[in-house]
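Heads up: the structure comes next, in structure tokens.
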Amino acid sequence: MNTVATASIVPVEYAVAVDRFLDEAGLQPASRRVYRISLASWSWPLVGKLPPAGLSRRRATPPVVPLALLEDEAAGLRLASAVAHRIESAGARTVNRELSALRSAITWWLRRDWIAADPTALLRQARLSPAALQQLGDAQLAALFRTPAGLREQALWHLLLDTGAAAETLLALDAGALDLAGCKVKTGRPAQRVLEWGSQTGELLGWLLAGRRSGPVFLTDRRAPAGTDPADVCPLTSKGRLSYRRAAEIFTEHTRPLDPDGRGWMLHQLRRRAAA
């Protein structure tokens, strides 16, 4: 094979471009592995999806992404949404490192004319702030709550809007901790912060928890897999605790038809409005 000719061929796929970049970057094996994980994770938002969370993020097979998608006008906004989502679970320092890997690769690709635009330019302006995404207005909220979402989603979304708490905090709630009559719950270790909600949200939570006085408030649709922490399993239904990743995916799926850009909204856009 003519290696010179192969090296001059412009790659069509993002993953191939990543391989070519890493081959020339001169990184130590450990750094190369970190760069590969970071670069692979940015392929998900380029096709309008959230990357897997936790250890699944490292083991998941990334989607096939045409390198040309980096030049799409929507690429920057999709990456900005992914950054906002990632900051809430990993923190700005980690996201900065992951973005640094992406910017290094993009700079390398730009120098070789493999792409003609830098989709991370918007991220520099956003300064890694989740608040850079527009808060949902009254008309958007009205449309959201008219969607044919299930009781679980409606209760979670109303709770986010009322309390201004992080989605992870609400998903970690247990049924026995809620004061349904008083429309409040104490959170934190020790329990120092009191979250309160309105009567409509209280009704939704009451219906959601009918017959349940222990286990996670928000449950998955299926039985928890073997080995799941008992604290994350409902003793009545054997269903597991709903994860942030799944809750975020559901929200984006339901709101994609409401978004003029077709990307869907993110959970913290509800929280930011309440916390402002």
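Taken together, the values in this text are just the output of simple stated rules run on the coordinates, not laboratory data. Computed from a prediction, not measured in an experiment: that's the story for all the values here. Every residue, glycine among them, receives a Cβ derived from its backbone with ideal geometry; neighbour counts consider all protein chains shown.
Here is how the number arises for the chain: DSSP H runs of 4 or more residues each give -39500 (n - 2.57), the sum is divided by the residue count, and the result at 222 nm is -14500 deg cm²/dmol.
By the beta-carbon count within 10 Å of each Cβ, the least crowded to most crowded order of GLU13, GLU24, fewest first, is GLU24, GLU13. Karplus-derived 3J(HN,Hα) values for the range 17-26, using 6.51 cos²θ - 1.76 cosθ + 1.60 with θ = phi - 60°, are 4, 4, 4, 5, 5, 5, 5, 9, 6, x Hz; glycine and proline are entered as x.
Relative to the first principal axis of the alpha-carbon coordinates of the chain, what is the inclination of helix 151-163, with its axis defined by its Cα atoms, in degrees from 0 to 90 and to the nearest 10? The angle comes out near 90 degrees.
The distance separating the Cα centre of the range 156-176 from that of the range 236-252 comes to 13 Å. Matching the structure-derived percent of Cα pairs over 31 Å apart against the labelled list (1) 36; (2) 16; (3) 26 gives the label (1). Extending 7 Å from Cα along the Cβ direction at GLU203 and again at GLU249 yields two label points whose distance is 3.2 nm. By other beta-carbon atoms within 10 Å, ranking TYR14, TYR35 with the fewest at the front produces TYR35, TYR14. Scanning residues 5 or more positions from GLU13 or on other chains, those with amide H under 5 Å from its amide H are LEU67, with H placed 1.01 Å from N in the peptide plane.
Per-residue 3J(HN,Hα) values for the range 243-251, derived from phi via the Karplus relation 6.51 cos²θ - 1.76 cosθ + 1.60 with θ = phi - 60°, read 7, 4, 4, 5, 4, 5, 4, 4, 4 Hz in sequence order (x marks Gly and Pro).
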